[in-house]
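**Q** Structure provided below as structure tokens; questions to follow.
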Amino acid sequence: MPLFPLFLKLEGRSALVVGGGEIAEDKIASLLHTGASVQVVAPAATQTISVWAKETKIQWHKRVFHADDVKNKDLVIAATSSTDVNHQVYTEARRQGVLCNVVDDPPYCDFYFPAVVRRGDLQIAISTGGQSPAMAQQLRLQLENQFGPEYAERLSELGDRRREILATHPPGKDRKKLLHQLAQQGLEQIQQEHTNPKASGESKNVYLVGAGPGDPELLTLKAHNLLRSADVILHDELVSAEVLRLANPAAALINVGKRHGTKRITQDQINSLLVHFAAQGSIVVRLKGGDPLIFGRAGEEMEALNNAGIDFEVVPGITAASAAAAAAQVSLTDRRSASTVVFTTPHHCAGKEHSNWLKTARRDATLAIYMPGSDYETLSHDLEAAGFPAET
């Protein structure tokens, strides 16, 4: 069924939400964003909805739905756990000529909630006609990366210029052409700044960027943008293929990674490559797994860049310990058992006396051991010798 896309002004207009669960909460939040006057009908509600009611952001009627609730409403949303109640709400809304949405029930919807990218007054709405809201959300994530916050500021400037032109130029083809030229210039300026950091006032040539644990959705927005604008990307062995696929197609991808027991390049050679490409004026991204500043030899690379007089910036990423804890759903800190986190490694620099890394190990702390090598049995025995129970 073809849909007519439109953007409604709901500020000050009356909207009814029937239901008080998490789904209803999500819809209420969307309505509050528009400035609508929201009334909620539900016997019980989430804590957030309760807080909104106490703060008078909404009106909450603690009871079951009555047909009279639809009267004088501009919009109705049914979001209860009862199909019968939802259909009752829809039937009454249709009888009174009020547009209604029954959440996750497309045949009982006069309209659908789109996935929305918001950048100030710029809004991009995506709808799949109720076929796959999940796809709409995935597309929204892609567009979130494509359209950054710079669009909001530029659109505000264009709005000011447009009002000046409307006030000083008579209607006609010339004015229309001028408005389109203005918009085109604004877009070109945003795109130039987006694809070339130097165009937006950036003077840095080198970026030490954290690639996180491998999931491209866990990259920072800045890391994502830098990958798309880089001329050269020097990446670690463990940076995922999914992350590398985000790179500028014209960029030179150079694997400078090292695996345990295998060394294809030395750290001094990596330092030389950074200095070499930066001296050529290239935008260089040194892409490191996890976070650059945690066991990533960033200190040596920053020293080499400083010695060469090359400006650089560090873009943090999610380090392995945080990612592993999130995947395992284990808190790194817990006031009942561990108020300290220790990041450590038994790995040491060649030619340097092996430090007693176990001196940092505390039984009242979470111990995150990076690069433990391949001899887990010895590692286990060392921890037991330091007083850790065997079941740890």
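The values are calculated or read from the model by the stated rules, or taken from the named source; none is laboratory data. From a predicted model like this one, the values you see are computed outputs, not experimental measurements. Every residue, glycine as well, gets a Cβ built from its backbone with ideal geometry; the counts of neighbours run over all protein chains shown. Just so you know, the surface numbers come from the protein's heavy atoms only, side chains and all, with ligands and any DNA or RNA stripped out. Shrake-Rupley method; radii C 1.70, N 1.55, O 1.52, S 1.80 Å.
**Q** Placing one identical point scatterer on every Cα of the range 262-392 and ignoring solvent, what is log10 I(q)/I(0) from the Debye formula at q = 0.18, 0.19 Å⁻¹?
**A** Those come out to -1.12, -1.18, one per q.
**Q** Taking the C-alpha atoms of the range 209-322, how large are the radius of gyration and the largest Cα-Cα span, Dmax, in Å?
**A** So, for the range 209-322, Rg and Dmax equal 13.0, 36 Å respectively.
**Q** Right, something else. Mark the label point 7 Å from the Cα of SER156 along Cα→Cβ and return the residues of the range 113-132 whose backbone N is within less than 11 Å of it.
**A** Output list for this probe position: 120-121.
**Q** Here's another thing I want to ask about it. Take the solvent-accessible surface of the protein heavy atoms, probe 1.4 Å, and return the percent of it on the chain that carbon and sulfur atoms account for. Walk me through the numbers on the way to the answer.
**A** Details: 11890 of 23370 Å².
After summing per-atom areas, the C and S share lands at 51 percent.
**Q** I've got another one for you. Between ARG118, ARG245, ARG175, where does the largest GNM mean-square fluctuation fall for the chain, given springs only between Cα atoms within less than 10 Å?
**A** ARG175
**Q** Residue-wise, which Karplus ³J(HN,Hα) couplings in Hz belong to the range 56-73, taking 6.51 cos²θ - 1.76 cosθ + 1.60, θ = phi - 60°, and x for glycine or proline?
**A** 6, 6, 9, 10, 10, 9, 7, 6, 7, 5, 10, 4, 5, 4, 6, 4, 6, 9
**Q** With the other protein chains left in place, how much accessible area per residue, in square angstrom, belongs to the chain at a 1.4 angstrom probe? Walk me through the numbers on the way to the answer.
**A** Details: 23370 Å² over 392 residues.
In whole numbers, the chain has 60 Å² accessible per residue.
**Q** First check a/c for the range 23-141, with a ≥ b ≥ c the square roots of the eigenvalues of its C-alpha gyration tensor; if it is under 1.5, answer rounded, and if not, answer prolate when a/b is larger than b/c or oblate otherwise. Intermediate results must be reported in sequence, preceding the final value.
**A** Values: a/c = 1.76, a/b = 1.25, b/c = 1.41.
Oblate, because a/c is 1.5 or more while a/b does not exceed b/c.
**Q** May I have the extent of the alpha carbons of the range 56-110 along their three principal axes, as whole Å values ordered from largest to smallest?
**A** Computed over the range 56-110, the largest-to-smallest principal extents equal 33, 24, 19 Å.
**Q** Simple spin-label model, 7 Å along Cα-to-Cβ: ASN356 to LYS57 in nm?
**A** Modelled inter-label distance: 5.5 nm.
**Q** Please report the antiparallel percentage of the DSSP beta bridges confined to the range 43-149, to the nearest 5. Before the final figure, lay out the partial values.
**A** Details: 6 of 9 bridges.
Of the beta bridges lying entirely in the range 43-149, close to 65 percent run antiparallel.
**Q** Please figure out what share of the DSSP beta bridges in the chain is antiparallel and state it in percent, rounded to the nearest 5. Don't skip to the answer; put the middle values down first.
**A** Working: 10 of 47 bridges.
Approximately 20 percent, going by the DSSP bridge assignments.
**Q** Spin-label point model (7 Å from Cα, Cβ direction): what's the VAL330 to GLN185 distance in nm?
**A** 5.9 nm
**Q** Another question about this same structure. Using the Kirkwood radius over C-alpha pairs as Rh, can you work out the diffusion coefficient of the range 124-191 via Stokes-Einstein at 10 °C, viscosity 1.306 mPa s, in µm² per second?
**A** Details: Rh = 14.3 Å.
Using the Kirkwood radius from Cα pairs, D works out to 111 µm²/s.
**Q** Within the chain, which is the longest segment containing none of the GluC sites (Glu not before Pro) that sit in a DSSP loop and have at most 13 other Cβ atoms within 10 Å? Working shown, then result.
**A** Numbers: sites that count: GLU11, GLU55, GLU237, GLU353, GLU391.
That gives 56-236 as the longest site-free run.
**Q** Could you calculate the contour length gain from GLU242 to ARG264, that is, 0.36 nm times the residue separation minus the distance between their Cα atoms, to one decimal place in nm?
**A** Details: separation 22, 0.36 × 22 = 7.92 nm, distance 2.27 nm.
Result: 5.6 nm gained on full extension.
**Q** Whole number please: convex hull volume per residue of the Cα set in the chain, in Å³? Before the final figure, lay out each step's value.
**A** On the way: hull volume 89.8 nm³, N = 392.
Per-residue hull volume (Cα only) is 229 Å³.
**Q** So, in nm, how far is label HIS33 from label GLU303 when the simple model puts each one 7 Å beyond its Cα toward the Cβ?
**A** Result: 4.8 nm between the two label points.
**Q** Once amide H atoms are placed 1.01 Å from N in the peptide plane, what residues at a sequence separation of 5 or more from ILE310, or on another chain, have their amide H within under 5 Å of its amide H?
**A** Counting only residues 5 or more places away or on other chains, the set is empty.
**Q** 222 nm [θ] for the chain, helices only, -39500 (n - 2.57) per DSSP H run of 4+, per residue, to 500?
**A** Numbers: 12 runs with 145 residues, N = 392.
The helix contribution divided over the chain gives -11500 deg cm²/dmol.
**Q** Go ahead and run the numbers for FRET between LEU253 and SER337, Cβ-Cβ distance against an R0 of 51 Å, rounding to 0.05.
**A** On the way: r = 44 Å, r/R0 = 0.85.
Plugging the Cβ-Cβ distance into 1/(1 + (r/R0)^6) gives 0.70.
**Q** Amide H neighbours of HIS61 under 5 Å, at least 5 residues apart or on other chains, H built in the peptide plane: list them.
**A** Sorted by chain and number, the residues that satisfy this are VAL40, VAL41, ALA42.
**Q** Would you grab the residues whose amide H sits under 5 Å from the one on ALA230? Only those 5+ places off in sequence or on another chain, please, with H modelled 1.01 Å from N.
**A** Residues meeting the criterion, in which the H sits 1.01 Å from N, are ASN248.
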